[in-house]
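This report refers to the structure that appears directly beneath it.
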Amino acid sequence: MTLPVRKPDWLRVRLPAGPEQDAFQSLKSKFRGRGLHTVCEEARCPNIFECWGQGTATVMILGETCTRGCRFCSVKTGKPGGIVDPLEPENTALSLAEMGLAYVVLTMVDRDDLPDGGAAHLSETVRRIKHHSPDLRVETLVGDFLGNRDDVRTVVQEGRPEVFAHNVEVVPRLQRTIRDARCSWDRSIATLAAAKELGSAVTKSSLMVGLGEQRDEVLDAMRSLRAADVDVLTIGQYLRPTKRHAPVQRYVEPAEFLDYERAGLAMGFRYVASGPLVRSSYRAAEAFLRGLASGETTAGETPSMNRYGRKRKLAVLS
């Protein structure tokens, strides 16, 4: 399929100005000064200016080198050699405490070089965060731990995050062509189901569209996620990070995203964020605080559309 030379209007990204620009520069300076790696920059997220300008960002732990090489992701792939920074959990927690945030999404690169995939390190980071910031809500966005249920147990029961997130990324038919060969739909579904069975109060996943999937495939994938008792779903447009990555097959129109949102709520998801610029961690704090924390689904709104006043600064750190 031949795409138009220019992206459609609904994919245009607004540059920050005024206080939002100041907030963006402030967060950027803090991340640089503390040596934190941001997914916003590593993954070339289109929302970086808007999210950082509103105090929302993504930062990952366990280094910046992933052991897997998915065709949609621009995070560096390589062999970390089993190296882990033992001071990272405490330093990350102290940095977050200084920022005065309300919600954190803590994500990680895949670390297949570690015996537990980094589960213990991640859990210790969550514990240190909660020690220094007892009121901070924590979402962990993790890999599949090669299907090891004990590693999922470590995150859920030892780290005790408020939300356990793992992304299936694309519909089942596209798994082999878009994700790393070590990933699979069945393994991802099993990871999410295990997290809920092991005691996670809220589970979350994400789908990208625009990679050649059909509408019925998206709906079938959503039903499969609900069957695994997933509570929160985000759906967004895939955007090609570089020419080395999988090409975009089509730009999905906003009306179709709204259709997926309505269908997801009808299926029983507690919250659905579906829109062209929605990302897995895009305003995750807003989604959680407005929706799940109050026991509402906030039907008809998506994080890409909402605007509301905040008493505290919200952020996503992955």
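The values are calculated or read from the model by the stated rules, or taken from the named source; none is laboratory data. Bear in mind that the values here come from a model prediction, so they are computed numbers and not experimental data. Quick reminder, even Gly has a Cβ in these numbers, built from the backbone with ideal geometry, and neighbours come from all protein chains shown. Accessible surface is based on the protein model in full, side chains and every heavy atom, while ligands, DNA and RNA are left aside. Shrake-Rupley method; radii C 1.70, N 1.55, O 1.52, S 1.80 Å.
Tell me, please, whether a residue that is of a type in the set (D, E) and either assigned to a helix (DSSP H, G or I) or crowded, with 19+ Cβ neighbours inside 10 Å (or both) can be found in the range 67-87.
no
Please specify each residue of the range 161-189 satisfying the condition of being surrounded by fewer than 18 Cβ atoms within 10 Å (Cβ to Cβ) and of a type in the set (A, V, I, L, M, F, W, C).
A181
In this structure, does K7 turn out to be loosely packed, with under 15 Cβ neighbours inside 10 Å and either out of contact with any His (no Cβ under 6 Å at 6 or more places or on another chain) or modelled with pLDDT of 85 or more (or both)?
Taking the combined requirement at face value, the residue does not satisfy it.
Looking at the range 190-216, which of its residues are of a type in the set (S, T, N, Q) and either surrounded by fewer than 16 Cβ atoms within 10 Å (Cβ to Cβ) or over 26 Å from P276 (Cβ atoms) (or both)?
T191, S200, Q214, listed by residue number.
Please specify each residue of the range 112-135 satisfying the condition of being of a type in the set (A, V, I, L, M, F, W, C) and within 14 Å of V84 (Cβ to Cβ).
Correct list: L114, A119, A120, L122.
If you check E90 against the conditions, is it of a type in the set (D, E), farther than 27 Å from C183 by Cβ and either open to solvent by 10 Å² or more (accessible area, probe 1.4 Å) or assigned to a strand (DSSP E or B) (or both)?
yes
For the range 103-114, which residues satisfy the criterion of being of a type outside the set (K, R) and either within 12 Å of G63 (Cβ to Cβ) or open to solvent by 10 Å² or more (accessible area, probe 1.4 Å) (or both)?
T107, M108, V109, D110, D112, D113, L114
Checking the structure you have, find out if any residue of the range 194-205 is part of a loop (DSSP other than H, G, I, E, B), touching a Lys or Arg at 6+ places or on another chain (Cβ under 9 Å), touching a residue at least 12 places away in the same chain (Cβ under 8 Å) and on the phi > 0 side of the Ramachandran plot.
The answer is yes; a qualifying residue exists.
Consider M99 against the criteria (1) in contact with a Phe, Trp or Tyr (Cβ under 9 Å, 6 or more places away or on another chain); (2) in contact (Cβ under 8 Å) with a residue 60 or more places away in the chain; (3) of a type outside the set (D, E, K, R): it satisfies all of them except one. Which criterion is unmet?
Exception for M99: condition (1).
Can you find even one residue in the range 150-172 that is among the small types (G, A, S) and farther than 17 Å from M60 by Cβ?
The answer is no, given that none of the residues of the range 150-172 is among the small types (G, A, S) and farther than 17 Å from M60 by Cβ.
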